[in-house]
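Q: Provided herewith is a single structure, encoded as structure tokens, for subsequent inquiry.
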Amino acid sequence: MMTNIGLGIICPTKYLDEFAVKSPYHLVLTHKVFDDRAYADFYREMSALGDFVTLDNSSYEVGDGVFTNKDLFEAAGRCGASEIMAPETYMDARDTYHKVAGFVEYFSNRVTPIRTFATLHGRDITEIMWLNKKYLQMQVGTIGISCRLDPFDFDHANDAYRLSVGRAKIVQRLEPVWKASWWKPEYHLLGMNHPAEISFYRNIRMIRSCDSSAAFINGLHEKSINVFDYEKPKDRVDFDYTGLTRTMEFFVHDNIEYLKKWGKRNDIES
């Protein structure tokens, strides 16, 4: 597992050499790999230098089921991915299970094994825990926990804080299962709600990495993420954007440093 929580820094293609290089972990979007040669080439170079690359199936960005298992394998080759996120169906635990099982079966006869990344889904914590059990039985290498999961009846005026607490509660349910299991996958936090939430996980050894556009998007608005009353921006990254000012760049760099500091682990027993 990584020494500190791996930070996948999501930003436009033009700024990958400036911002994404600040972390040895990367989450790469399948639709961008096919659409943007420079984007794919950058991550393939980072992979060749020893960085860890996750190929995201782009379900959140373009919809569930757009890319086949064959498409995902091709995209992984283009960007040097270390693992591939299997297809999924948002909020549907059973359909996601069947898609992941089909993905594992599709690659089962390959000489070189494909490391599988499978995402948790479910309408409630019972379904989420059921799917996690299935992933353990399939010996999935990495399990993703989405920032959009919302299985608890918990109310708070700050939505970023509310969803952060909800994911923390999911992890608290998952951790004892992980500790008791002979098969120990790594867990990845898909997206970020309140940026400070990463500090909650820094000494939970099952949590390997997290990806986020928070550093860039907030920097674009000349905002620091180091605020108690943080509100998650609603806009997404425009990967073709090229107009950062020096002030914006300062905020992005500063925000990345905060995330790296909050994700720094203490020296504890795993």
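The values are calculated or read from the model by the stated rules, or taken from the named source; none is laboratory data. Given the structure is predicted, the values throughout are model-derived calculations rather than measurements. FYI the Cβ positions are ideal-geometry reconstructions off the backbone, even for glycines, and counts take in every protein chain you see.
Q: Write out, first by first residue and then by second, each pair whose Cβ atoms fall under 8 Å of each other, whose residues are 6+ apart or on separate chains, and whose first residue, in the stretch 78-94, is touching a residue at least 40 places away in the same chain (Cβ under 8 Å) while the second is part of a loop (DSSP other than H, G, I, E, B) and β-branched (Val, Ile, Thr).
A: Glu83/Ile114
Q: Taking the options Phe251, Phe216, name whichever one is out of contact with any Ser or Thr (no Cβ under 7 Å at 6 or more places or on another chain), at pLDDT 95 or above and either outside any loop (DSSP other than H, G, I, E, B) or of a type in the set (Phe, Trp, Tyr) (or both).
A: Answer to the selection: Phe216.
Q: For the stretch 175-196, name all the residues that are surrounded by 21 or more Cβ atoms within 10 Å (Cβ to Cβ) and more than 19 Å from Glu83 (Cβ to Cβ).
A: Scanning the stretch 175-196 gives Met192, Asn193, His194, Pro195.
Q: Next question. Just to check your reading of the model, which residue among Asp51, Asp64 is of a type outside the set (Gly, Ala, Ser), farther than 19 Å from Ile114 by Cα and under 19 Å from the mean Cα position of the chain (by Cα)?
A: Asp64
Q: Kindly indicate whether any position in the stretch 66-75 is among the polar types (S, T, N, Q) and under 24 Å from Trp178 (Cβ atoms).
A: No, the conditions are met nowhere in the stretch 66-75.
Q: Sticking with this structure for a sec: Identify all residues within the stretch 148-164 that are part of a loop (DSSP other than H, G, I, E, B), at pLDDT 90 or above and either touching an Asp or Glu at 6+ places or on another chain (Cβ under 9 Å) or among the basic types (Lys, Arg) (or both); write none if there are none.
A: The answer is Arg148, and nothing else.
Q: Could you list, in sequence order, all residues of the stretch 66-106 that are hydroxyl-bearing (Ser, Thr, Tyr) and assigned to a loop (DSSP other than H, G, I, E, B)?
A: Thr68, Ser82, Thr89, Tyr90
Q: Restricting attention to the stretch 172-221, which residues are among the β-branched types (Val, Ile, Thr), closer than 20 Å to Leu131 by Cβ and in contact (Cβ under 8 Å) with a residue 60 or more places away in the chain?
A: Once the filter is applied, which keeps residues that are among the β-branched types (Val, Ile, Thr), closer than 20 Å to Leu131 by Cβ and in contact (Cβ under 8 Å) with a residue 60 or more places away in the chain, the stretch 172-221 yields only Ile207.
Q: Please find, within the stretch 31-42, the residue that is farthest from Thr119 (Cα to Cα) out of those that are in contact with a Lys or Arg (Cβ under 9 Å, 6 or more places away or on another chain) and aromatic (Phe, Trp, Tyr).
A: Once the filter is applied, the top-ranked residue is Tyr39.
Q: Got a number for residues in the stretch 107-139 being of a type in the set (D, E, K, R) and in a loop (DSSP other than H, G, I, E, B)?
A: Adding up the residues that qualify gives 4.
Q: Can Leu136 be described as surrounded by 14 or more Cβ atoms within 10 Å (Cβ to Cβ), in contact (Cβ under 8 Å) with a residue 40 or more places away in the chain and either basic (Lys, Arg) or in contact with a Phe, Trp or Tyr (Cβ under 7 Å, 6 or more places away or on another chain) (or both)?
A: It is true that Leu136 is surrounded by 14 or more Cβ atoms within 10 Å (Cβ to Cβ), in contact (Cβ under 8 Å) with a residue 40 or more places away in the chain and either basic (Lys, Arg) or in contact with a Phe, Trp or Tyr (Cβ under 7 Å, 6 or more places away or on another chain) (or both).
Q: If Ala101 satisfies all but one of (1) over 21 Å from Tyr43 (Cβ atoms); (2) in contact (Cβ under 8 Å) with a residue 24 or more places away in the chain; (3) out of contact with any helix residue (DSSP H, G or I) (no Cβ under 9 Å at 6 or more places or on another chain), what's the number of the condition it fails?
A: Only one criterion is unmet by Ala101, namely (3).
Q: Let me ask another. Kindly evaluate Ala48 against the criterion of being buried (at least 20 other Cβ atoms within 10 Å of the Cβ), of a type outside the set (D, E, K, R) and at negative phi.
A: The answer is no for Ala48.
Per-residue answers, yes or no, for (1) more than 17 Å from the chain's Cα centre (by Cα); (2) more than 18 Å from Gly8 (Cα to Cα):
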residue	(1), (2)
Ser212	no, no
Glu231	yes, yes
Asp240	yes, yes
Arg246	yes, yes
Phe251	yes, no
Tyr258	yes, no
Gly263	no, no
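Q: Between residues in the stretch 229-258 that are farther than 14 Å from Lys22 by Cα and residues that are β-branched (Val, Ile, Thr), which pairs lie under 8 Å by C-beta distance while being six or more apart or on different chains?
A: Pro233/Ile217; Asp235/Ile217; Arg236/Ile217; Val237/Ile10; Val237/Ile217; Phe239/Thr13; Asp240/Thr13; Leu244/Val252
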